[in-house]
1. Would you check which residues across the range 516-539 are more than 16 Å from ligand 2 (Cβ to nearest atom) and under 18 Å from Leu317 (Cα atoms) and list them?
2. Let me confirm something: among Val522, Val508, which residue is more than 15 Å from ligand 1 (Cβ to nearest atom), under 21 Å from Phe397 (Cα atoms) and either in contact with a helix residue (DSSP H, G or I) (Cβ under 9 Å, 6 or more places away or on another chain) or not assigned by the TED database to the domain that holds Arg409 (or both)?
3. Going by the conditions given, is Thr266 surrounded by 23 or more Cβ atoms within 10 Å (Cβ to Cβ) and modelled with pLDDT under 85?
4. Give the residue that is modelled with the lowest pLDDT, with candidates limited to residues of the range 395-433 that are closer than 29 Å to Trp343 by Cβ and outside any loop (DSSP other than H, G, I, E, B).
5. Looking at the range 503-515, which of its residues are at pLDDT 95 or above and either within 14 Å of ligand 2 (Cβ to nearest atom) or closer than 17 Å to Thr439 by Cβ (or both)?
6. On the given criteria, is Phe137 in contact with an Asp or Glu (Cβ under 6 Å, 6 or more places away or on another chain), at pLDDT below 95 and either away from ligand 2 (no atom under 16 Å from the Cβ) or in a loop (DSSP other than H, G, I, E, B) (or both)?
7. When both residues are 6+ apart or on different chains and their Cβ atoms are under 8 Å apart, which pairs have a first residue that lies in the range 95-112 and is at negative phi, and a second that is in a loop (DSSP other than H, G, I, E, B) and at pLDDT 80 or above?
8. From the residues in the range 168-190 that are within 15 Å of ligand 2 (Cβ to nearest atom) and hydroxyl-bearing (Ser, Thr, Tyr), which one is surrounded by the fewest Cβ atoms within 10 Å (Cβ to Cβ)?
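The values are calculated or read from the model by the stated rules, or taken from the named source; none is laboratory data. The structure presented is a predicted model; accordingly, all values stated were derived computationally and were not measured. Using ideal geometry, Cβ is built from the backbone for each residue, glycine included, and neighbour counts are taken over all protein chains shown.
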Amino acid sequence: MDALRLLSRSAGLKSRSAKSSLQNLPSASGHSTNDGNSDPAATRKRKRHVDATEDTSNVVVPSATLSEEDVRQIQKKQKIKIVDLNRFRAASANSESRKAQKEQSRIFSQPLTSFSHLRQFNVNKALTRNVSDQAYFQPTEVQMATIPLLLRGSSEEASEPDLLTIAPTGSGKTLAFLIPLIEKVSRSHKTSDGHPERHISAIILAPTKELVSQIVTEGRKLCLKTGVRITAMRKGMTLFEGHAPTNEDGTEDDESEKDDEDQISTTSAPVTKTDILVSTPLSLVHAICPSWEEDESIAPHPLPNIETLILDEADVLLDPIFRAQTLAVWSACTSPSLRISMWSATIGSNVEELAVQTISRRHKSLKIRRSQRTPLLRTIIGLKDTSLPTISHRLIFTATESGKLLGMRQLLHPSRSFTSGKEDTTVPLRPPFLVFTQTIERAQSLYNELRYDIPAPAGGSSRIAVLHSSLPTHTRSSIMQNFRLGKIWILITTDLLSRGVDFRGVNVVVNYDIPNTVAGYVHRAGRTGRAGREGGVCVSFYTKEDIQYVKGIANVIAASEKSQTPSDRTAGVVKGNSTTASDPAKTGGIQPWLLHALPSVSKSARKNLKLHGVESRRAVHADDDEKTKRMKRKARIGTQSGFERREMNRKRGAIEHSLQGKGKELVDEDGNGNEEWEGFGSA
Ligand code: ADP
Ligand code: MG
């Protein structure tokens, strides 16, 4: 497959590939969609500005008419499980059998089987049109299950629940929470005599600026002509009257200038005139509690108008790193009618417990009577905590740190096999590559090391970039944009980009350093295979030192391979990927002997890894003893100096250039090559 095809799609260029991206819905893996419809024409993402009435989806059964038995069948087929957590817990307390508990608490609500049915759920015309203009026709499983639940507020029979959703990476969770939210805000405008007093009524929290900006971009497309506004938190933004904003924090400053119009003057200060505010927890905490850094116990300024709080990547937001900030925002939302929803591909039972407890404490402190409390539902799509079955995984033992560098270089040189020393006949991996390291320093070192490996005819060092949180916001945005446009082919990063960000065309995720947690593996791998795309590969290097931590990752890979359907297995071959997932010997897939051979990691080692990463890869500290310093120095990336590498590359480039004929470029200025990606040439 031409690697540049997917890139040209994100560059807004005419796509040459008409293949449906949703023939396989992410978690259904090779299943036909909801009602057995597998017609690619029904699911194909099409050009913008198509009339909503042109929807050729042949899902003809109006959702509202489905019987409970039909809903059960659909949920079973799409691997959707919805339970009422309060009912489930009450049943557990009565010590009934687990199966009976689960059955009693299952919810069989009407699914949204096609976006053309949004109108039946009373979704306004403009929003419905925006969805179809974005060429979304067939809802993914998570959208099918959760959009109707969150739209419940419109009907008399049931109220909007609090919701916890666990659905695979790239399965469309953003749309699942944005559509009902925009509808809810738009409805609230209508009920205020046609002249709504615009104020922030919803907050979406996400762990990184990159994700915040992506959610706002998606949201803006859906808000067109609905009268609803969505804005990213920025430096100096005034959230409420009397609020004196500070410019201390690193909040978003890459938003469009248009937002400046969103400010209205009030008697005290210009208050941001928006409906939905998207922010990282810290940016918002700085705004509602300026001295929070000094004293976390200071109560934040209340935000009584917030009716909806959404936590995207909820398990990270409720993890100790962000927990205090997230809970501070949550507690500032004092409206008794607040609804909260939490979304991630991985939500462990500890985070679920924390959410349940926080909601219950809130109900008590706000003196909300038991009968008036909103239900708390949990939706799980597919298997919990597994990687997408459409992604191929390779676990590669490199023994040492320098072995990784060799492995990495072999990945970039398609003429060589990297799975073993021998040449193999499989098709090489294609960029774009997203490469993860444990720390910022290591990301930077790997970048320095690989930067001059790219010969000038392939675009030189402009094809490779490094992105981490120490870079200024505008540099981060421009790197993100260039990677999306296909100008950058290899992006080296840290876990900053492991969550939520949607680069549609990423073909290969490389764990240059193993992730700190199993959930981390699921999320990093999930940067490929987005929206049901096939052929994504996740390559993980591991050394002697990592062996003790690898079992968890190997288990995830084994579970993902087990859940593959025959069509997933052939996908790699059909798409020209270098893997045949059906043959673990070739793919580096997990074989039973490896699972048995790998040691189990102790709880304390797991905790230590989660908090600090693999020890030898941590930064050198002044108080490290000599032995530790030596170990850390040994694990450093890179051997040659930048100068030596640049010289070597220059010579190699000159030789290749004269051999190939003058001026032959693999890609044009915009990165839209009309030649196939040939790697960086053989060294
Ligand atoms: P998640 O949050 O579950 O990881 P995203 O919301 O980022 O996934 O969506 C992943 C990709 O899937 C995005 O590029 C989005 O445009 C696309 N997508 C979402 N829903 C649909 C749909 N119903 N049909 C086609 N593409 C979709
Ligand atoms: Mg997401």
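1. If the condition is that a residue be more than 16 Å from ligand 2 (Cβ to nearest atom) and under 18 Å from Leu317 (Cα atoms), then Asn516, Thr517, Val518, Tyr521 are the ones that fit.
2. Numbers: Val522 fails: more than 15 Å from ligand 1 (Cβ to nearest atom).
Unique residue meeting the criteria: Val508.
3. On the way: surrounded by 23 or more Cβ atoms within 10 Å (Cβ to Cβ): no; modelled with pLDDT under 85: yes.
Taking the combined requirement at face value, the residue does not satisfy it.
4. Within the range 395-433, the subset closer than 29 Å to Trp343 by Cβ is 395, 432-433.
Keeping just the survivors that are outside any loop (DSSP other than H, G, I, E, B) gives 395, 433.
Values: Leu395: 93, Phe433: 96.
Per the stated criteria, the residue is Leu395.
5. The answer is Val510, Asn511, Tyr512, Asp513, Ile514, Pro515.
6. Numbers: in contact with an Asp or Glu (Cβ under 6 Å, 6 or more places away or on another chain): yes; at pLDDT below 95: yes; either away from ligand 2 (no atom under 16 Å from the Cβ) or in a loop (DSSP other than H, G, I, E, B) (or both): yes.
Yes, satisfied.
7. Between residues of the range 95-112 that are at negative phi and residues that are in a loop (DSSP other than H, G, I, E, B) and at pLDDT 80 or above, the close pairs are Gln110/Leu66; Pro111/Leu66; Pro111/Gln78; Leu112/Pro139.
8. Step one: list which residues in the range 168-190 are within 15 Å of ligand 2 (Cβ to nearest atom), which gives 168-179, 181.
Cutting the leftovers down to hydroxyl-bearing (Ser, Thr, Tyr) gives us 169, 171, 174.
Numbers: Thr169: 26, Ser171: 26, Thr174: 24.
Taking the candidates together, the pick is Thr174.
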